[in-house]
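Novice: Next up is a structure, given as structure tokens.
The values are calculated or read from the model by the stated rules, or taken from the named source; none is laboratory data. Values in this document were obtained by computation on a predicted structure and should not be read as measured data. Quick reminder, even Gly has a Cβ in these numbers, built from the backbone with ideal geometry, and neighbours come from all protein chains shown.
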Amino acid sequence: MQCSVLGCIQRMEKNYAFSSSDVSKLVGITPIYLNAIVQRKLYGISPSISERHGEMRMRIFSEEDLFGIALVWSLFESGLRTQTIREVLLQLVEVEDANAAADHLSRPGGAYLVIVRGSSKSKGKAKPHLRAEAVLREDVTELVGECVEEHPTANILLVPVGTKFAEVEKKIQVMYGE
């Protein structure tokens, strides 16, 4: 399977299962942050299977979980924090569900995520403006230009989610010898 960074990312059709250690290696997320996401049930992420083996608890993540975690980690590494990441997910798929947002972004048209954040307001004032939109590489320049015109004092963040997903898929292929 060939993955395009330009938005035509296709998920593998296999039923892969990943341990927490696998997720850390494939996504590049620290084990501490992965544990925090899972234990706090942030972003709708939880292991697909969780079994107890004596004193140990085994968490198994699906491929869908893996890409949801990859999306959240990309946003976190880009400098966003919990509340803003939740707002981005809400704008993308109308729920705080990283798996659904990752699926949405893996379809043609979502190679990059453009996030526009207005400046913070003082206490008692309205929330700062936030806009998150998935775009293809060739549309990034136009969208950023529009955002600068509409919100000249806003911060604009460009997150290459398509590249991250393609990188994770390539690592999966290596892991499974494909």
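Novice: Testing residue 25 on (1) part of a loop (DSSP other than H, G, I, E, B); (2) at pLDDT 95 or above, one condition comes back false. Which one is that?
Specialist: (1)
Novice: Suppose we keep only residues that are of a type in the set (Val, Ile, Thr) and at pLDDT 90 or above within segment 39-65. Which one would you say is nearest to residue 161 (Cα to Cα)?
Specialist: 45
Novice: When the residues of segment 71-119 are filtered to those that are of a type in the set (S, T, N, Q) and part of a helix (DSSP H, G or I), which remaining residue is surrounded by the fewest Cβ atoms within 10 Å (Cβ to Cβ)?
Specialist: Ranking the candidates gives 83 first.
Novice: Sort out which residues of segment 33-70 are surrounded by 12 or more Cβ atoms within 10 Å (Cβ to Cβ), at negative phi, in a helix (DSSP H, G or I) and without any contact (Cβ under 8 Å) to a residue 60 or more places away in the chain, and write them in order of number.
Specialist: Answer for segment 33-70, where residues must be surrounded by 12 or more Cβ atoms within 10 Å (Cβ to Cβ), at negative phi, in a helix (DSSP H, G or I) and without any contact (Cβ under 8 Å) to a residue 60 or more places away in the chain: 33, 34, 35, 36, 37, 38, 42, 64, 65, 68, 69.
Novice: Out of segment 154-165, which residues are of a type in the set (Gly, Ala, Ser) and either surrounded by fewer than 17 Cβ atoms within 10 Å (Cβ to Cβ) or farther than 15 Å from residue 136 by Cα (or both)? Please lay out each step first, then the result.
Specialist: So the first thing to find is which residues in segment 154-165 are of a type in the set (Gly, Ala, Ser), and the list is 154, 162.
Within segment 154-165, 154 is the sole residue that qualifies.
Novice: Of the conditions (1) at pLDDT below 90; (2) farther than 30 Å from residue 62 by Cα, residue 108 fails just one. Which one is it?
Specialist: Against the list (1) at pLDDT below 90; (2) farther than 30 Å from residue 62 by Cα, residue 108 comes up short only on (2).
Novice: Oh, and also: Can you tell me which residues in segment 136-153 are surrounded by 11 or more Cβ atoms within 10 Å (Cβ to Cβ) and under 15 Å from residue 117 (Cβ atoms)?
Specialist: Answer for segment 136-153, where residues must be surrounded by 11 or more Cβ atoms within 10 Å (Cβ to Cβ) and under 15 Å from residue 117 (Cβ atoms): 143, 144, 147, 148, 150, 151.
Novice: Looking at segment 86-102, which of the residues that are of a type outside the set (Lys, Arg) and in contact with an Asp or Glu (Cβ under 7 Å, 6 or more places away or on another chain) is farthest from residue 115 (Cα to Cα)? Before the answer, list the steps.
Specialist: Kept after step one, since they are of a type outside the set (Lys, Arg), are these residues of segment 86-102: 87-102.
Now drop any that are not in contact with an Asp or Glu (Cβ under 7 Å, 6 or more places away or on another chain), which leaves 89-90, 99.
Numbers: 89: 11, 90: 13, 99: 19 Å.
By that ranking, first place goes to 99.
Novice: Looking at (1) exposed (fewer than 14 other Cβ atoms within 10 Å of the Cβ); (2) within 21 Å of the chain's Cα centre (by Cα); (3) farther than 23 Å from residue 69 by Cα, can you tell me which one residue 173 breaks?
Specialist: Going through the list (1) exposed (fewer than 14 other Cβ atoms within 10 Å of the Cβ); (2) within 21 Å of the chain's Cα centre (by Cα); (3) farther than 23 Å from residue 69 by Cα, residue 173 breaks only (3).
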